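Working notes, beginning with the structure itself.
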Amino acid sequence: MAERSKGKCRYCGKEYAFGYMGRHLAACKKRQERLAAETGKRQCGYFEMAIYGKCDHDYWLIVEVRDTATLKDVDQFLRDIWLECCGHLSAFEIGGVSYEVMPDADPFWGESVKSMNVKLKSILEKGMVFDYDYDFGSTTELKLKVLDYRTGHLRGEKVTLLSRNNSREFVCDKCGKKSAVFIDSEEFWSGGGLLCEDCAEDAGDEGMLLSVCNSPRMGTCAYEGSDIYPDQFEPDTDRGIEGAR
Ligand SMILES: [Zn+2]
Ligand SMILES: [Zn+2]
Ligand SMILES: [Zn+2]
């Protein structure tokens, strides 16, 4: 089995595996310095959450979300970074309750369905683990875990990305040499279909080719990757804003 995927800490840029990153973030000196340097009158609570593919744990995110943000905000973030292909339905499953965008007025008997327009602070607690599904046809299943809760200065954004698995390299299934950039989605589900540029050209227009991207939805439906977030997460140290607010 391949080595578990690593990612970079937003604040110091160091690389760690997913299992250790939560502990690193709790102890990261650079992060503590940055948090101490944040200013403003308004205080706010933040949930730190790990989000990962239910089937493939090598896709993961660690985020901090304002406690006044809603599940709808988290849903939008997940769509933006990992999921959105054609506006499918989605749902969170938390403690036996399903939270949906437009809850059915007449749900199945015994099933509890609520709206995603609920603030995180009214439903989440440190230590909770829950599920999220995007698209009820070709579903991408995620798990979310609340790692921590803290209060601090109010930030401009609702969701802050603290770390993310590094962009993954796949080798072409045809030539076994070059890196794959396309996926034949029909073959992908039977354990192949990853193609480099040359082999994709040779294959002609057979099947539908999708882009390789850093997401647990890669190769599914019409998913082509995020328009907003680059596949490779750039820590603040790489972007020259170390020490900046
Ligand atoms: Zn760090
Ligand atoms: Zn789709
Ligand atoms: Zn090839």
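Tally up the carbon and sulfur contribution to the accessible surface of region 6-164 as a whole percent, 1.4 Å probe, everything protein left in place. Working shown, then result.
Values: 3840 of 7640 Å².
The C+S portion of the solvent-accessible surface of region 6-164 is 50 percent.
Per residue, how many Å² of accessible area does the chain show with a 1.4 Å probe? Walk me through the numbers before you get to the answer.
Working: 12890 Å² over 245 residues.
With the other protein chains kept in place, the chain gives 53 Å² per residue.
Farthest toward the dipole's positive end in the chain, which of Gly219, Val181, Gly40, given Cβ charges of +1 (Lys, Arg) and -1 (Asp, Glu) about the Cα centre?
Most positive-ward Cα: Gly40.
Relative contact order, percent, of region 41-181 when contacts are C-alpha pairs under 8 Å separated by at least 6 residues?
Details: 256 pairs, mean separation 47.8, N = 141.
RCO, region 41-181: 34 percent.
Dividing the convex hull volume of the Cα atoms of region 165-236 by its residue count, what figure in Å³ per residue is obtained? Don't skip to the end; give the middle numbers.
Numbers: hull volume 7.0 nm³, N = 72.
So the per-residue Cα hull volume is 98 Å³.
Please compare each pair in Lys72/Lys145; Lys121/Lys145; Lys6/Lys178; Lys30/Lys145; Lys145/Lys178 to a cut-off of 26 Å on the Cα-Cα distance and tell me which ones are over it. Please list the in-between numbers first.
Values: Lys72/Lys145 17 Å; Lys121/Lys145 14 Å; Lys6/Lys178 22 Å; Lys30/Lys145 24 Å; Lys145/Lys178 36 Å.
The answer is Lys145/Lys178.
What does the C-alpha gyration tensor say about the overall shape of region 1-128? Classify as rounded when a/c is under 1.5, otherwise prolate if a/b is larger than b/c, or oblate. Can you show the working numbers first?
On the way: a/c = 2.32, a/b = 1.45, b/c = 1.60.
It is oblate, given that a/c is not under 1.5 and a/b is not larger than b/c.
For the chain, what relative contact order do you get, as a whole percent, if you take Cα pairs closer than 8 Å and at least 6 residues apart? Display every interim value, and only then the final one.
Details: 483 pairs, mean separation 61.4, N = 245.
25 percent.
Among 211-224, 133-146, what's the highest-first ranking by average C-beta atoms within 10 angstrom per residue?
Going by the mean number of other Cβ atoms within 10 Å, highest first, we get 211-224, 133-146.
Within region 7-108, report the trypsin sites (Lys or Arg not before Pro) that DSSP leaves as loop and that have at most 13 other Cβ atoms within 10 Å.
Lys41, Arg42
Would you calculate, for the chain, the mean residue ellipticity at 222 nm contributed by helices, counting each DSSP H stretch of 4 or more residues as -39,500 (n - 2.57) and dividing by all residues, to the nearest 500?
Details: 5 runs with 37 residues, N = 245.
Helix contribution divided over all residues of the chain: -4000 deg cm²/dmol.
Rounded to two decimals, what is Rg over Rh for the chain when you use alpha-carbon atoms and the Kirkwood radius? Write down the numbers at each step before the final one.
Working: Rg = 19.4 Å, Rh = 19.5 Å.
Taking Rh as the inverse mean 1/r over Cα pairs, Rg/Rh reads 1.00.
Dipole of region 6-164, Cα-centred, from +1 at each Lys and Arg C-beta and -1 at each Asp and Glu C-beta, to the nearest 20 debye?
Numbers: 25 positive and 24 negative charges, 265 e Å.
Once rounded to the nearest 20, the dipole reads 1280 debye.
Give me P(r) over region 113-214, computed from all C-alpha to C-alpha distances, binned every 5 Å, as integer percentages.
With a bin width of 5 Å, the distribution comes to 2, 9, 13, 16, 13, 11, 10, 10, 8, 6, 2, 0.
The values are calculated or read from the model by the stated rules, or taken from the named source; none is laboratory data. Not measured: the values here are computed from a predicted model. Note: ideal-geometry Cβ built from the backbone for every residue, glycine included; neighbour counts use all protein chains shown. Accessible surface areas use protein heavy atoms only, side chains included; no ligands, DNA or RNA. Shrake-Rupley method; radii C 1.70, N 1.55, O 1.52, S 1.80 Å.
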